[in-house]
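A.B. asks: I'd like to ask you about the structure that follows.
The values are calculated or read from the model by the stated rules, or taken from the named source; none is laboratory data. Note that the structure is predicted; figures quoted are calculated from it, not measured. Here the Cβ positions follow ideal geometry from the backbone for every residue, glycine too, while neighbour counts run over all protein chains shown. Just the protein is used for accessible areas: all its heavy atoms, side chains included, with ligands, DNA and RNA removed. Shrake-Rupley method; radii C 1.70, N 1.55, O 1.52, S 1.80 Å.
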Amino acid sequence: MKTKTVFVCQNCGSQSARWVGKCPNCEEWNSYVEEVSTPRIDVNKIAAGSVIAPVLLKEIDVYNDKRYLTGIGEFDRVMGGGIVPGSVTLIGGDPGIGKSTIVLQAGCALARTGLKVLYISGEESVKQAKMRADRVAQAANGNFYIVNEIDVETITGYIHQLTPQVVIIDSIQVVHLAELSSSPGSVAQVRESASVLTQLAKSRGVALFFVGHVTKEGMLAGPRVLEHMVDGVLYFEGERYSSYRVLRANKNRFGSTNEIGVFEMTASGLQEVLNPSEIFLCERPEGSSGSVVVPILEGTRPFLVEIQGLVSRSAFGMVRQKAQGFDANRLALLAAVLEKRLGMNLGDKDIFLNVVGGVKVMDPAADLGVTLAVASALLDKVVPHDTAILGEVGLSAEVRSVAQIATRVNEAQKLGFTRCIVPKNNLKNKNDFKPSNIRLIPVATVREALDKL
Ligand code: TYD
Ligand code: MG
């Protein structure tokens with residue numbers, strides 16, 4: 001029989017009969033690799049013993065299914081209030097960010113509650129993992145099984161034999177199916193391996209975790225296809241040289257997305273950070289222009305971040321706008337609003353924006369804060385230290401209302417802020433919302449906000 005080959009984009013998984021230089025789907029260059037197209041693996045053969053038959057929807061009992069709790073509050077919240085048996089979660093992040101550490105800690109915590117946990121360590125020896133576990137997980141680690149294995153069929157064998165409730169695959173890029181000729185980490189391998197393991201986990205009610213590496217562009221290497229297959233995608237973020245780490249739910253079929261958990265990497269593993277606002281603000285300079293504080297909301301959780309702007313004359317007649325932790329396009333838009341609507345002269349200036357502490361802000365309520373940070377830096381006018389700023393900014397420089405204003409204002413109040421600039425529209429029908437220790441300053445436009453600072 002003639003072997004059929006197919007070209008597969010290693011970035012997004014698109015296929016083509018011929019080689020193409022630029023992927024028409026994800027626009028990545030030179031990402032097509034020839035792979036032997038083998039018929040899909042017969043999953044039922046591998047997951048033998050599990051009977052799958054249609055059932056009546058009304059007879060499916062979900063409410064008595066208890067979620068597994070690790071007791072690590074930050075982790076459980078990101079998981080949507082615990083881990084759902086039979087769910088599949090992908091944890092992505094840069095190499096060295098702490099993915100193995102978090103799954104090891106969570107796994108040991110689950111094992112201590114009496115669950116049987118199987119950790120497939122494809123990248124590190126069991127001795128290395130043991131040394132790490134002793135460092136990060138206090139008590140001797142209960143029902144925690146570990147094996148150094150990368151062959152998927154052997155792994156499914158272990159799952160049948162050991163019947164664990166929780167399985168961790170670290171990482172999905174190193175495991176492989178012997179039936180497929182392509183190398184581990186290639187799209188075909190990752191997709192098929194994940195598919196086999198996922199179906200097995202689903203049919204047996206096992207909670208499954210995949211650890212996945214992320215490329216320099218912030219994409220899950222190769223298996224972007226994986227994101228569609230799993231129930232939840234968590235990203236572990238943080239700056240290499242800062243000890244703070246943020247675990248963010250990007251997709252969650254069993255809870256809200258945008259929940260985050262904040263951790264600090266210490267000598268004894270990841271510690272929960274229960275009050276992130278304090279940390280993100282503790283090094284805030286006093287009396288320096290360009291610095292503002294914004295109560296952002298991540299999922300259900302408010303916290304305060306410091307946003308810093310810097311404006312300087314551009315050196316080469318080519319203006320630069322750089323943002324760290326904020327969308328650069330959004331920054332360009334807000335700068336254009338300042339320029340066109342408020343007549344500020346930013347055309348020949350470089351603009352830099354930084355969100356302190358390695359946080360990524362996507363909340364539109366930070367718009368006004370960003371706008372004022374830039375304006376404050378340009379005018380060298382200090383935003384008062386005790387003032388928090390809230391509001392979305394529209395193209396006519398109007399300030400639009402934000403979601404859940406009370407939660408945000410209360411967080412600012414808790415941290416000792418005495419004034420908060422808020423969108424006027426937010427106060428219209430909120431007669432009942434009258435915080436006691438913080439003065440609300442309603443504004444309708446960016447100009448008004450600047451005047452009232
Ligand atoms: P790791 O979990 O191996 O990262 P990943 O699996 O995402 O590649 O984390 C490795 C880094 O974390 C390493 O640089 C050392 C640091 N670390 C600590 O600082 N303290 C600890 O207790 C542990 C376990 C790791
Ligand atoms: Mg690792």
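A.B. asks: Please compute the length gained on full extension between Glu149 and Lys428, using 0.36 nm multiplied by the number of residues separating them and subtracting their Cα-Cα distance.
C.D. replies: Value of the extension gain: 94.3 nm.
A.B. asks: While we're here: Take Asn30 and Glu283, extend 7 Å from each Cα along the Cα→Cβ direction, and tell me the distance between the two endpoints in nm.
C.D. replies: 3.8 nm
A.B. asks: Here's another thing I want to ask about it. Go through segment 435-448 residue by residue and turn each phi into a ³J(HN,Hα) via Karplus (6.51, -1.76, 1.60, θ = phi - 60°); whole Hz please, and just put x for glycine and proline.
C.D. replies: With coefficients 6.51, -1.76 and 1.60, one gets x, 8, 9, 9, 8, 8, 10, x, 9, 10, 9, 5, 4, 4 Hz.
A.B. asks: Residues of the chain: accessible area per residue at 1.4 Å, in Å²?
C.D. replies: 47 Å²
A.B. asks: Report, in cubic angstrom per residue, the convex hull volume of the C-alpha atoms of segment 380-453.
C.D. replies: On the way: hull volume 6.3 nm³, N = 74.
About 85 Å³ per residue, rounded to a whole number.
A.B. asks: According to a simple spin-label model (label point 7 Å from Cα along Cα-to-Cβ), what is the distance in nm between His160 and Leu274?
C.D. replies: Going from the Leu274 label point to the His160 one covers 4.7 nm.
A.B. asks: Which cross-chain or sequence-distant (5 or more) residues have an amide H under 5 Å from the amide H of Thr445, H modelled 1.01 Å from N in plane?
C.D. replies: Result for Thr445 returns Val399.
A.B. asks: Measure out, as a whole number of angstrom, how far apart the alpha-carbon centroids of segment 395-453 and segment 106-129 sit.
C.D. replies: Taking the Cα centre of segment 106-129 as reference, the centre of segment 395-453 is 47 Å away.
A.B. asks: Any chance you could give the angle, 0 to 90 degrees and rounded to 10, that helix 405-414 forms with the longest Cα principal axis of the chain?
C.D. replies: Value to nearest ten degrees: 80.
A.B. asks: So, one more: Give me, ordered by chain and number, the residues 5 or more places off Lys251 or on other chains with an amide H under 5 Å from its own placed amide H.
C.D. replies: For Lys251, the qualifying residues are Val233.
A.B. asks: What chymotrypsin sites (Phe, Trp or Tyr not before Pro) in segment 300-357 are in a loop by DSSP, with at most 12 other Cβ atoms within 10 Å of the Cβ?
C.D. replies: Details: sites: Phe303, Phe316, Phe326, Phe352; in loops: Phe316, Phe326.
Qualifying residues, ordered by number: Phe316.
A.B. asks: Largest first and in whole Å, give the semi-axes of segment 279-452's equivalent ellipsoid, each being the square root of 5 times a Cα gyration tensor eigenvalue.
C.D. replies: Equivalent-ellipsoid dimensions as semi-axes: 26, 17, 14 Å.
A.B. asks: If you bin the C-alpha pair distances of the chain every 10 Å from 0, what whole percents do you get?
C.D. replies: Spelled out per bin, shortest first, that is 4, 18, 24, 22, 18, 11, 3, 0.
A.B. asks: Take Ser16 and Asp386, extend 7 Å from each Cα along the Cα→Cβ direction, and tell me the distance between the two endpoints in nm.
C.D. replies: Inter-label distance under the simple model: 6.3 nm.
A.B. asks: For a test of the definition: using alpha carbon positions, the gyration tensor, and the 1.5 limit on a/c, classify segment 67-274 as rounded, prolate or oblate.
C.D. replies: Details: a/c = 1.35, a/b = 1.18, b/c = 1.15.
Cα axes put segment 67-274 in the rounded bin.
A.B. asks: Are there any trypsin sites (Lys or Arg not before Pro) in segment 1-34 that are in a DSSP loop and have at most 11 other Cβ atoms within 10 Å? List them by number.
C.D. replies: Taking segment 1-34 and a limit of 11 other Cβ atoms within 10 Å, the loop trypsin sites (Lys or Arg not before Pro) found are Lys2, Lys4, Arg18.
A.B. asks: Leaving out ligands, DNA and RNA, and with a 1.4 Å probe, what % of the accessible surface on segment 279-452 is carbon or sulfur?
C.D. replies: Roughly 50 percent, rounded to a whole number.
A.B. asks: Given 0.36 nm per residue, what is the gain on full extension from Ile441 to Arg135 after removing their alpha carbon distance, in nm?
C.D. replies: Answer, rounded to one decimal: 105.2 nm.
A.B. asks: Mind checking the dipole of the chain: about its Cα centre, +1 per Lys or Arg Cβ, -1 per Asp or Glu Cβ, Debye to the nearest 20?
C.D. replies: Result for the chain is approximately 640 debye, rounded to the nearest 20.
A.B. asks: While we're on this one: Scan around Ser291 for amide H atoms under 5 Å from its own, H built in the peptide plane at 1.01 Å from N, and keep only partners 5 or more places away or cross-chain.
C.D. replies: HN-HN under 5 Å from Ser291: Gly309, Val383.
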